[in-house]
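The values are calculated or read from the model by the stated rules, or taken from the named source; none is laboratory data. Keep in mind that what you see is a predicted model, and the values were worked out from it rather than measured. Using ideal geometry, Cβ is built from the backbone for each residue, glycine included, and neighbour counts are taken over all protein chains shown.
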Amino acid sequence: MALIQLNSSNYDTEVIQSSKPVLIDFWASWCGPCKMLSPVVEAIAEEVSDFKVASCNVDDEMELAAQFGVQSIPTLVVMKDGKEVKRSVGVIPKDQILALVRE
């Protein structure tokens, strides 16, 4: 699956109404750790089919970031059935990201 560019207009469709779990990566272009994590998140998006992967730029989508209470980036949030089930702040390796969603 391709990486979904998440924004306030597609949030309900892509996340709340999703039949699959959704991994959301909250990031910003000026954030060094985010730049380290982005290629990993993008690779996961291309490889998996059992969950969706979405990317949310906190500078472009301040309301969405505020709705999730994002205070530090990168923040990864796992959503299932329209509800947050897990969260991770900071850079973590690919296997831990996959475990975050699948466990």
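Take the stretch 1-34 and flag every residue that is in contact with a Ser or Thr (Cβ under 8 Å, 6 or more places away or on another chain) and either under 24 Å from Glu63 (Cβ atoms) or of a type in the set (Gly, Ala, Ser) (or both). Explain how you work it out, then say what you get.
Of the residues in the stretch 1-34, the ones in contact with a Ser or Thr (Cβ under 8 Å, 6 or more places away or on another chain) are 1, 3-6, 24-27.
Across the stretch 1-34, the qualifying residues are Leu3, Ile4, Gln5, Leu6, Ile24, Asp25, Phe26, Trp27.
From the residues in the stretch 18-59 that are without any contact (Cβ under 8 Å) to a residue 12 or more places away in the chain and of a type in the set (D, E, K, R), which one is surrounded by the most Cβ atoms within 10 Å (Cβ to Cβ)?
Top of the filtered list is Lys35.
For the stretch 1-48, which residues satisfy the criterion of being modelled with pLDDT of 95 or more, within 16 Å of Val78 (Cβ to Cβ) and over 12 Å from the mean Cα position of the chain (by Cα)?
Hits for the stretch 1-48 are Ile16, Ser18, Ser19, Lys20, Val48.
Would you check which residues across the stretch 60-78 are out of contact with any Leu (no Cβ under 8 Å at 6 or more places or on another chain) and either among the acidic types (Asp, Glu) or in contact (Cβ under 8 Å) with a residue 40 or more places away in the chain (or both) and list them?
Selection gives Asp60, Glu63, Phe68, Val70, Ile73, Thr75.
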